[in-house]
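All remarks here apply to the structure that follows.
The values are calculated or read from the model by the stated rules, or taken from the named source; none is laboratory data. All of these numbers come straight from a predicted model, not from anything done at the bench. Glycine gets a Cβ as well: all are built from the backbone with ideal geometry, and neighbour counts include every protein chain shown. These accessible areas exclude ligands, DNA and RNA; they are computed on the full protein's heavy atoms, side chains included. Shrake-Rupley method; radii C 1.70, N 1.55, O 1.52, S 1.80 Å.
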Amino acid sequence: MTLLLGALTIGLILSLLALGVFISFRVFDFPDITTDGSITLGAAIAAVLLVKGVNPFVASAAGFCGGAVAGATTGVLHTKCKINGLLSGILVMTALYSINLHVMGKSNVPLLSAATFASDAERILTALKGGDTALHVLGWEVAARDAAVLVLVLATIVLAALALYAFLRTDLGTAMRATGDNPQMIRALGVDVGNMTIIGLALANGLIGLSGALLAQYQGFADVQMGIGMVVWGLASVIIGEALVGTTQLGLVITGAIMGSVLFRLLVAIALRAGLNPNDLKLMTATFVFAALILPGLVARARKGAGRA
Amino acid sequence: MLEVRNVFKTFNPATPNEVLALQGVDLTIERGTFVIVVGTNGSGKSTLLNAVAGSFFVDGGRITIAGHDVTRWPEHRRATLIGRVFQNPFSGTAPDMSIAENIALAARRGRRRGLAWALRGNFADEMRARVRGLGMRLEERLDNAIGSLSGGQRQALTLLMATWCKPELLLLDEHTAALDPKSADQIVRLSDEAIARDELTTLHRGRIIHDLAGAEKRRLRVDDLLARFEEVRRGEQLDESAAQLLRRAYV
Ligand SMILES: Nc1ncnc2c1ncn2[C@@H]1O[C@H](COP(=O)(O)OP(=O)(O)OP(=O)(O)O)[C@@H](O)[C@H]1O
Ligand SMILES: [Mg+2]
């Protein structure tokens, strides 16, 4: 049960990463590798602030802002300096590795004694319930802390997803979606495609930075290595989500990305439990995304071949 | 209204692929007139339209629209003055977005885009009424993705979007070329209506069908030019049927 709760919570936290990847890869069709650096940046900023005793809410917001600045930088490199999109992301990600080390001052910042959103959630719950450290949900006994954290994370994700959905239906948000869909058209309608890309990447990496900030607080540390391969992780979640909902309707796609992230994390937890070597995790993730990318094409070709025969 | 003065544009200068596309082009179009630019393939008609729309900056000369010197304005800024329909029916609309959202985007052409709902409540009725005017029954499908429509339907919507907010200048880049004769007819009728209703100034790129020496420089009244437009269009259809005849005879 604890394992399940943990996987669910991390899956929800990483669904912010999935939403960010959804914006850059799907809305803008921009292969944004900044992700690996911006999730760590969000975690690093939040961790350092929390150690200084800053309020967890403010620290998380600062993580969002840090990610947003990183994303905007990638956007400026791509649109103003005319650097290839993939390369822009790689440049910023590489630079961020050093920046993250500077922010943290060392390669790992533990949050054992700092007040985090997790300890806040626990405190609120004990205040409400009065001292009891275990809860009974559907006949299961769960640690109060775990349940409180899950509820708080769930509330955060629902709020973030609703805000994103609402934003993408405003004048600015629709212009952003059209920028990815048909830049020629939206330019002829008076939208500066470059600026729109910068804002979009800032938003995407802001969400990713927030995801990192929450992840650091949940797992109790920020580590300079924690971002490696996260872009592929996010992509895997988005792909699973698309398969789950099977439409391009905005609300459903956003819901799908969140569900995909949770499901993927659960699958990984189960696989690890069943004896998968943690060292193989990134290999498995990459293989999964690879398969998801080429399988639809192969299936279509096989069908066509069968039709002709 | 539109003034193009001594405009130059060279593609790939100082390379073996150098193309002197525009060499000292002068063009004046009065408000409310309809001008067709004709010329052989590769003579620079699209390039002229793109220069006016701002797809690239010209190497020399000056372009003025409605009193604004737009020579150094980027394309998105010129969009405050220009409505545009492309030759390719897929160029003018965002395929994954709904008809209503596409129109909402066009309704804010050249204006600030903030955090107000794109599909405001009071907007739906006007949208339905104007889409009904196209006579394609699309008003019942406002929530459908534009990508699910035919080329003709998409071009009709692009035209509606280009003229949704009255533009100072309407650029039509051979916008019926990719359509079948029936859809082309419809688009021409819709263009006529929009142009007559809003007394638009229009620059249209047509293909050459007979020798109109110096026609680029001629300035005519709307009515003459609409007639001429019809003529050009019929010529294009003739062209197509002739091509079919040849194909039938030889293939
Ligand atoms: N982006 C570009 N780069 C290089 N050359 C170009 C570019 N755009 C146009 N040209 C060249 O400029 C010349 C004029 O092209 P343009 O497309 O304006 O002709 P057009 O009159 O519209 O022809 P058509 O009737 O075939 O559409 C052509 O020789 C073309 O190859
Ligand atoms: Mg051309």
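Any residue in region B:40-66 that's within 14 Å of another protein chain (Cβ to nearest Cβ) and in a loop (DSSP other than H, G, I, E, B): show its pairings with residues that are more than 13 Å from ligand 1 (Cβ to nearest atom) and among the charged types (D, E, K, R) at Cβ separation under 7 Å, as long as the two are six or more apart or on different chains.
Listed by first residue and then by second, the contacts come to B:Gly54/B:Glu75; B:Gly54/B:Arg78; B:Ser55/B:Glu75.
Quick one: which of A:Ser24, A:Ser60 is among the small types (Gly, Ala, Ser), in contact with an Asp or Glu (Cβ under 7 Å, 6 or more places away or on another chain) and at pLDDT 95 or above? Please lay out each step first, then the result.
Details: A:Ser60 fails: in contact with an Asp or Glu (Cβ under 7 Å, 6 or more places away or on another chain).
Result of the check over A:Ser24, A:Ser60: A:Ser24.
Take the residues in region B:148-175 that are within 16 Å of ligand 1 (Cβ to nearest atom) and assigned to a loop (DSSP other than H, G, I, E, B), then tell me which one is surrounded by the fewest Cβ atoms within 10 Å (Cβ to Cβ).
B:Glu174
Considering only region B:29-87, state which residues are within 16 Å of ligand 1 (Cβ to nearest atom) and open to solvent by 60 Å² or more (accessible area, probe 1.4 Å).
B:Thr40, B:Asn41, B:Gly42, B:Phe57, B:Asp59, B:Gln87
Name the helices (runs of 4 or more DSSP H) wholly inside region A:1-103 in which the number of residues that are in contact with a helix residue (DSSP H, G or I) (Cβ under 8 Å, 6 or more places away or on another chain), open to solvent by 20 Å² or more (accessible area, probe 1.4 Å) and within 30 Å of A:Ala271 (Cα to Cα) is 2 or more.
In region A:1-103, the matching helices (runs of 4 or more DSSP H) lie at A:2-21.
Considering only region B:76-93, state which residues are within 7 Å of chain A (Cβ to nearest Cβ) and touching a Leu at 6+ places or on another chain (Cβ under 7 Å).
Result: B:Ala79, B:Arg84, B:Thr93.
Residue by residue through region B:110-165, note down the ones that are within 26 Å of B:Arg189 (Cβ to Cβ) and among the charged types (D, E, K, R).
Correct list: B:Asp125, B:Glu126, B:Arg128, B:Arg130, B:Arg132, B:Arg137, B:Glu139, B:Glu140, B:Arg141, B:Arg154.
What are the residues in region B:156-185 that are of a type in the set (Val, Ile, Thr) and more than 13 Å from chain A (Cβ to nearest Cβ), if any?
The answer is B:Thr176, and nothing else.
What residue, of B:Val37, B:Val25, is within 16 Å of ligand 2 (Cβ to nearest atom), more than 7 Å from chain A (Cβ to nearest Cβ) and in contact with a His (Cβ under 8 Å, 6 or more places away or on another chain)?
That would be B:Val37, the only listed residue that is within 16 Å of ligand 2 (Cβ to nearest atom), more than 7 Å from chain A (Cβ to nearest Cβ) and in contact with a His (Cβ under 8 Å, 6 or more places away or on another chain).
Going residue by residue through region B:139-155, is there one that turns out to be more than 9 Å from chain A (Cβ to nearest Cβ), on the phi < 0 side of the Ramachandran plot and under 12 Å from the mean Cα position of the chain (by Cα)?
Yes - at least one qualifying residue is present in region B:139-155.
With the requirement that a residue be without any contact (Cβ under 8 Å) to a residue 60 or more places away in the chain and more than 7 Å from every other protein chain (Cβ to nearest Cβ), what does region B:99-110 give you?
Going through region B:99-110, the residues without any contact (Cβ under 8 Å) to a residue 60 or more places away in the chain turn out to be B:99-102, B:104-110.
Of everything in region B:99-110, those that are without any contact (Cβ under 8 Å) to a residue 60 or more places away in the chain and more than 7 Å from every other protein chain (Cβ to nearest Cβ) turn out to be B:Ile99, B:Ala100, B:Asn102, B:Ala107.
Regarding B:Ala145, is this residue within 16 Å of ligand 2 (Cβ to nearest atom), touching a helix residue (DSSP H, G or I) at 6+ places or on another chain (Cβ under 9 Å) and open to solvent by 10 Å² or more (accessible area, probe 1.4 Å)?
no
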